[in-house]
Amino acid sequence: MTGYNTRAVMLAAGKSTRFKTKKSKLLFNICGQPMILYPMRALEALQIPISLVLGYQADEVKQEIERAGVKDVACVIQEQQLGTGHAVACTQSTWDREEILILYGDMPLVTKELIQQLLADHRARNSTISFLTSYVIDPFGYGRVLEHDGKFQIIEEKDCVDEQRNINRINAGVYVMKRAFLEQYIPQLGKSSVTGEIYLPELIKIACDAGLLVHAISAPYDNVRGVNTLQELWGVEQIKRSEFIRHWMSRGVRFELAQSIHIDIDVEIGAGSFIGTGVHLLGNTKIGEECFVGAFTIIEDTTVGDSTTIHSHSVLQHSTIGSNVHVGPFARVRDHVVIQDEVEIGNFVEVKNSHLGQSTKAKHLSYIGDAQVGTNVNIGAGTITCNYDGVKKSATVIEDGAFVGSNNTLIAPVTIGKEAYTAAGSTITHDVPAQALGIARSRQTNKEGYAHKIRESLKSGPATPSSVEKKAHASEEKEEEGFQFRGAVKTEADHKEGF
């Protein structure tokens, strides 16, 4: 049943003083979604229009709601926070339905099913007021529900005398009232002699005293918890997270240590996948079927294909990972990376804003940034794409089948051609043509017997250049002159010797 003849009034104007933060509690995330969006989404699913009462940080709350695209919301500003009765009265110009549903914006665990039950019961009994109650071990902070001969009265926490503080039946703060009754009686509400506020629950006593039908519906406390402190926020998030984990367990996902795992509301996980201890799955993350996500990995706004393994302590952000891929351990993939099927990204490898083609491997201690890497490419250990010159970012292109040797430095912009090789230890500053070998490193020279001579020289005097070292340098310079001369007429043998 949807639609109803109902308008919702959501109270969200408070200053969140018990949070002891500058930010409104309504903007704090619970499993990846601002708190206020949970009850709003429940109402939206039932096609119930919302009059939202705002006050503290009204602009920030409105921006979040607009960003989320919640439909049919009319915002009303409560300039002075004078209590719940005053807040509801501020929305009177928006009352265009026969029933007015009133609830708080800090109730992230309320469900559309519970709201449906409340409205259906209200209509079936033709009640003037129906409201939710619950039983709780520690009722501190809630209004207490007193019932005698079928008549109800709500005593607010600040107004309770000592014997009333032990009453554990609480007012959940969710009501549905006939509009005609609300229009007639809400102007009659007076101010509390203790706080000076106008309390909405006084309408329950007024209705009972007038002989009108008031009905209380008991609800599980976990569905009507309010959030007034950071400790309560933590407790609510534990409940919501457990709800999501149970959902995915029922669909064939195994969680190694479920109580240690964080999962957001928009995450999706395929059947047969394994989620290890301490994993964080954040934002709009999609994990395929038969995947393995190792311990203490963080995956945010990333799509992972089927049968892919993400080893422990890896971080993946805003990227797309193919099927049968291996990433990690201790890898980082970030900023719009696309990794195609059967790629291997190994330990301590970082990939940023790059595209890696099918069956490519970068298995050890490398940085690949702003690169277009083809299929079946091997990137050796210690390879760095130098993409930033202090002013701008430049691209590295490594074409299909290329082999990049270990400890290479690729100075972008540069292209390594199809099936080309680069020698280990090279600093590549120019394009390497297809099927060519690029070598860019200094020539090694071995001086037989010099180690012993250097040690003897160091023993005989201070740490200044010795005659032995000077001779060695002179010999190196002479050798280099010969090398440069031969470079003018290098033979194939010379190339092999340099390699």
Q) Do we find that GLY32 is without any contact (Cβ under 8 Å) to a residue 24 or more places away in the chain and within 23 Å of LEU109 (Cβ to Cβ) in this structure? A) no
**Q.** Yes/no for ALA207 being in the same structural domain as HIS122 (by TED's automatic domain parsing) and assigned to a helix (DSSP H, G or I)
**A.** yes
(Q) From the list THR297, THR303, exactly one residue is in the same structural domain as GLU342 (by TED's automatic domain parsing) and more than 19 Å from PHE348 (Cβ to Cβ). Which is it? (A) THR303
Q. Which one of the conditions (1) outside the structural domain of ASP138 (by TED's automatic domain parsing); (2) buried (at least 19 other Cβ atoms within 10 Å of the Cβ); (3) not basic (Lys, Arg) does GLY235 fail to meet, given that it meets all the rest?
A. (2)
Q. If you check LYS178 against the conditions, is it closer than 22 Å to CYS90 by Cα, out of contact with any Gly (no Cβ under 6 Å at 6 or more places or on another chain), surrounded by fewer than 18 Cβ atoms within 10 Å (Cβ to Cβ) and in contact (Cβ under 8 Å) with a residue 12 or more places away in the chain?
A. no
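Consider LEU109 carefully, then state whether it is closer than 26 Å to LEU230 by Cβ and part of a loop (DSSP other than H, G, I, E, B).
Here the answer is yes, as LEU109 does meet what is asked.
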Q: Could you check how many residues of region 244-283 are over 17 Å from the mean Cα position of the chain (by Cα) and not hydroxyl-bearing (Ser, Thr, Tyr)?
A: 18
Q: Examine region 29-44 for a residue that is in contact with a Gly (Cβ under 6 Å, 6 or more places away or on another chain), surrounded by 22 or more Cβ atoms within 10 Å (Cβ to Cβ), of a type in the set (A, V, I, L, M) and outside the structural domain of VAL267 (by TED's automatic domain parsing), and state whether such a residue exists.
A: yes
Q: Go through region 246-298 and count every residue that is of a type in the set (S, T, N, Q), crowded, with 17+ Cβ neighbours inside 10 Å and within 24 Å of MET35 (Cβ to Cβ).
A: 1
Q. From ALA451, ALA488, which residue is exposed (fewer than 10 other Cβ atoms within 10 Å of the Cβ), farther than 30 Å from ASN376 by Cβ and at pLDDT below 55?
A. ALA488
Q) Which is part of a helix (DSSP H, G or I), surrounded by 15 or more Cβ atoms within 10 Å (Cβ to Cβ) and modelled with pLDDT under 95, of SER475, SER457? A) SER457
Q) Right, ILE239: in a helix (DSSP H, G or I), touching a residue at least 24 places away in the same chain (Cβ under 8 Å) and under 36 Å from the mean Cα position of the chain (by Cα) or not? A) yes
**Q.** Residues located in region 424-437, provided they are surrounded by 19 or more Cβ atoms within 10 Å (Cβ to Cβ) and more than 16 Å from ALA371 (Cβ to Cβ)
**A.** SER426
Q | Matching residues in region 327-356 - criterion: being over 14 Å from ILE379 (Cα atoms), among the hydrophobic types (A, V, I, L, M, F, W, C) and in a loop (DSSP other than H, G, I, E, B) | A | PHE330, ALA331, VAL337
Q) Taking into account only those residues within region 197-236 that are acidic (Asp, Glu) and without any contact (Cβ under 8 Å) to a residue 60 or more places away in the chain, which is nearest to GLN78 (Cα to Cα)? A) GLU232
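Would you pick out the residues in region 114-138 that are part of a loop (DSSP other than H, G, I, E, B) and in contact (Cβ under 8 Å) with a residue 60 or more places away in the chain?
Within region 114-138, ASN126, SER127, THR128, VAL136 qualify.
The values are calculated or read from the model by the stated rules, or taken from the named source; none is laboratory data. What you see is a predicted model; the values in this text were computed from it and never measured. So basically every Cβ, Gly included, is an ideal-geometry build from the backbone, and we count neighbours across all protein chains shown.
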